[in-house]
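A quick write-up on the structure given underneath.
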Amino acid sequence: MRVNGVPNVRTCIAPLKNDIKVETQGKFADLPDARFKSNPKETVDVDILVVGAGPAGLCASIEATNHGATVILVDENLRVGGQLIKQTHKFFGSKHEKAGTRGIQIAKDLENEVKELEKKGRITLMLDSTVIGYYERDGQKHKFGVIKRDDYESTLYEVNCKAVIFACGAMENMLLFPGNDLPGVYGAGAVQTLMNVYGVKPGKKVIMVGAGNVGLIVSYQLLQAGIQVDRVVEAAPIIGGYHVHAAKLRRCSVPIYTSHSIKEVYGDEKVEGAVIVKLNENWQPVKGSEEKVDCDTVCLAVGLTPSTRLLSQVGVEMEFVPEAEGYVALHNDSMQTTVKGVYVAGDSSGIEEASTAMIEGKITGVSAALLLGYDKKAKALKKQYIMELERLRDGPFGEKPRVAKNKIKKLLEKKHA
Amino acid sequence: MPNYEKTGVLSKKDLKLPSKKQLERGVAVIECVQGIPCNPCVDSCPVNAISMKDINALPIADYDKCTGCGKCIGICPGLAIFLIKIKDNRALITLQYEFLPIPEVGSKVKALDREGNVVDNAIVKRVVKKGKTMVITVEASEDLAMDIRNIRVNS
């Protein structure tokens with residue numbers, strides 16, 4: 001879309017302002033290099049660049065700053081918090097991990113901490129901004145290009161840092177079926193953003209695909225928003241998410257169909273219904289089990305893939321680890337990748353959840369600060385964080401990330417033996 | 001494989017049921033059957049009636065130690081603890097409720113079981129606001145004390 005004549009604006013996330021002119025644009029727009037050239041490009045030097053202001057990036061920035069480092073924190077959204085700003089449910093864990101606190105409250109607490117540090121000039125917050133690429137490595141110096149949007153125009157910054165922490169989160173997975181491009185088919189994250197951030201109901205009657213924690217939690221939030229959830233379908237023979245989340249839905253009379261999936265979505269211009277089908281023990285559709293269900297919304301909660309494109313561009317060693325849900329950067333206990341000073345934390349290091357993402361963030365923050373020579377005493381603290389992380393992963397639901405992290409560690413050892 | 005992994009619904013066989021005597025005093029029934037890393041219920045109990053080997057273990061309620069104070073009800077992030085009491089041949093069920101509208105004390109609501117079936121009409125006896133969470137006590141038929149786990153407010 002074109003806004004005020006500026007092409008390639010992502011209007012779905014750009015702020016709405018009075019008297020703006022929004023137009024659809026042809027497929028190709030002019031290369032905006034003339035505007036970049038006329039804008040003064042600023043060069044900024046900083047100790048640590050943190051990419052992504054979700055739970056991992058926020059904790060990384062706060063931790064690194066507390067140990068004396070200077071930080072630039074970049075996020076493409078207008079607000080910090082990442083996925084936390086939509087998590088209206090109470091978090092699990094212990095007192096230490098703010099158990100019993102709702103995700104939205106944790107986001108506010110972390111935001112306040114970052115804003116305090118910003119006032120003191122310790123953190124520079126670049127919101128509505130995107131790290132567009134990696135340009136140069138010179139010894140301990142890394143050069144990145146960052147675009148900051150303002151009034152739909154972009155300004156290019158050159159950021160030089162001694163360490164970088166990638167906390168870029170993850171992308172939602174899509175599912176292949178006829179009609180999946182019809183308006184009304186959403187990812188669970190989009191539904192949460194509409195409901196819990198913008199206060200907009202995505203539809204009236206929803207079919208949820210996926211009974212992992214995301215599918216179960218978003219279904220419950222849909223009910224809280226006064227939207228009917230017809231059913232949850234799950235291809236696996238068992239519910240993947242926590243029983244307590246499933247129980248909350250069931251006692252609100254929402255059925256969960258395990259060994260069921262979506263075959264197709266039908267409708268003229270928008271979703272009018274879906275065909276649900278039973279799966280046999282080989283996950284193949286059972287002929288004759290098709291059921292047509294009227295609905296106006298199909299919500300997909302079928303997993304996430306780590307966002308790692310910038311990491312690939314930096315040139316760190318990547319491997320496909322199924323338990324991490326995709327290609328991930330090999331990293332050690334300090335969350336450092338195979339390039340010195342380049343760290344990774346949270347879902348972009350392997351899909352997990354917010355509590356562990358926050359601890360991973362803290363580990364990267366303290367590790368990067370140590371690498372740069374700040375606060376030698378912080379070593380003990382780093383050890384403590386690593387132990388906390390192991391403790392959280394010790395149960396049955398921690399098995400998958402545990403396996404993922406062990407594989408990553410082994411691959412790293414093998415390559416550098 | 002336990003059936004609740006398929007259905008999301010616990011049966012009484014999955015739970016440690018309190019005795020009649022314990023129910024008359026009022027006890028916290030914990031419907032948390034999976035080892036998830038979580039322990040605020042343990043910290044909330046003033047008489048150490050809830051124990052856990054480690055953070056990934058299952059919480060175990062000692063019905064003899066439990067005084068039925070209800071502190072753990074509003075704490076549980078999984079909304080999985082219910083205070084159950086039998087008084088004057090009626091069941092008093094205390095649960096977390098996270099929907100609008102918030103029912104008024106004295107009003108009638110539908111009592112739902114673990115599958116969301118309406119099994120009784122209940123009377124709202126108490127509404128306590130704990131942050132954004134409502135902890136609500138309803139009164140219903142005695143024999144449904146271990147079945148009623150949700151309410152629906154008539155709108």
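Couple of notes before you dig in:
- When the helices (runs of 4 or more DSSP H) confined to the range B:1-106 are screened for residues that are more than 8 Å from every other protein chain (Cβ to nearest Cβ) and under 16 Å from the mean Cα position of the chain (by Cα), those reaching at least 2 such residues are found at B:20-25, B:40-44.
- Residue match in the range A:231-243 (condition: part of a helix (DSSP H, G or I), under 24 Å from the mean Cα position of the chain (by Cα), over 20 Å from A:Gly189 (Cβ atoms) and within 11 Å of another protein chain (Cβ to nearest Cβ)): yes
- For the criterion of being outside any loop (DSSP other than H, G, I, E, B), more than 9 Å from chain B (Cβ to nearest Cβ) and in contact with a His (Cβ under 8 Å, 6 or more places away or on another chain), A:Val275 fails.
- Test: B:Gly26 is at positive phi and small (Gly, Ala, Ser): yes
- Yes/no for A:Val232 being of a type in the set (Val, Ile, Thr), crowded, with 17+ Cβ neighbours inside 10 Å and in contact (Cβ under 8 Å) with a residue 12 or more places away in the chain: yes
- Selection within the range B:121-138: residues that are in contact with a Leu (Cβ under 7 Å, 6 or more places away or on another chain) and surrounded by fewer than 21 Cβ atoms within 10 Å (Cβ to Cβ). The member of this set that is farthest from the other protein chains (Cβ to nearest Cβ) is B:Lys125.
- Any chance A:Thr43 is farther than 26 Å from A:Leu389 by Cα and hydroxyl-bearing (Ser, Thr, Tyr): yes
- Candidates A:Ser289, A:Ser307, A:Ser259 - the one that is within 14 Å of chain B (Cβ to nearest Cβ) and either over 30 Å from B:Ser11 (Cβ atoms) or at pLDDT 95 or above (or both): A:Ser259
- When residues in the range B:112-124 are screened for being in a strand (DSSP E or B) and touching a helix residue (DSSP H, G or I) at 6+ places or on another chain (Cβ under 7 Å), 2 of them pass.
- With respect to (1) in the same structural domain as A:Val229 (by TED's automatic domain parsing); (2) out of contact with any Leu (no Cβ under 9 Å at 6 or more places or on another chain); (3) not acidic (Asp, Glu), the lone exception for A:Thr297 is condition (2).
- Residue check, A:Ala211 within 13 Å of chain B (Cβ to nearest Cβ), modelled with pLDDT of 95 or more, crowded, with 23+ Cβ neighbours inside 10 Å and assigned to a loop (DSSP other than H, G, I, E, B): yes
- Among the residues of the range A:335-352, those identified as closer than 17 Å to A:Arg393 by Cβ and either in a loop (DSSP other than H, G, I, E, B) or of a type in the set (S, T, N, Q) (or both) are A:Met335, A:Ala345, A:Ser349, A:Gly350, A:Ile351, A:Glu352.
- Scan of the range A:136-149 for residues that are within 16 Å of A:Thr43 (Cβ to Cβ) and either surrounded by 15 or more Cβ atoms within 10 Å (Cβ to Cβ) or at pLDDT below 90 (or both), ordered by number: A:Glu136, A:Asp138, A:His142, A:Lys143, A:Phe144, A:Gly145, A:Val146, A:Ile147, A:Lys148
- Every residue from the range B:18-57 that is of a type in the set (A, V, I, L, M) and surrounded by fewer than 13 Cβ atoms within 10 Å (Cβ to Cβ): B:Val47
- When B:Cys69 is tested against (1) touching a Pro at 6+ places or on another chain (Cβ under 9 Å); (2) crowded, with 16+ Cβ neighbours inside 10 Å; (3) not β-branched (Val, Ile, Thr), exactly one condition is not met: (2).
- Qualifying residue in the range A:81-91 (condition: within 24 Å of B:Glu98 (Cβ to Cβ) and without any contact (Cβ under 8 Å) to a residue 60 or more places away in the chain): yes
The values are calculated or read from the model by the stated rules, or taken from the named source; none is laboratory data. Remember, it's a predicted structure, so these values are computed and weren't measured experimentally. As a convention, Cβ positions derive from the backbone with ideal geometry for all residues, glycine included, and neighbour counts pool all protein chains shown.
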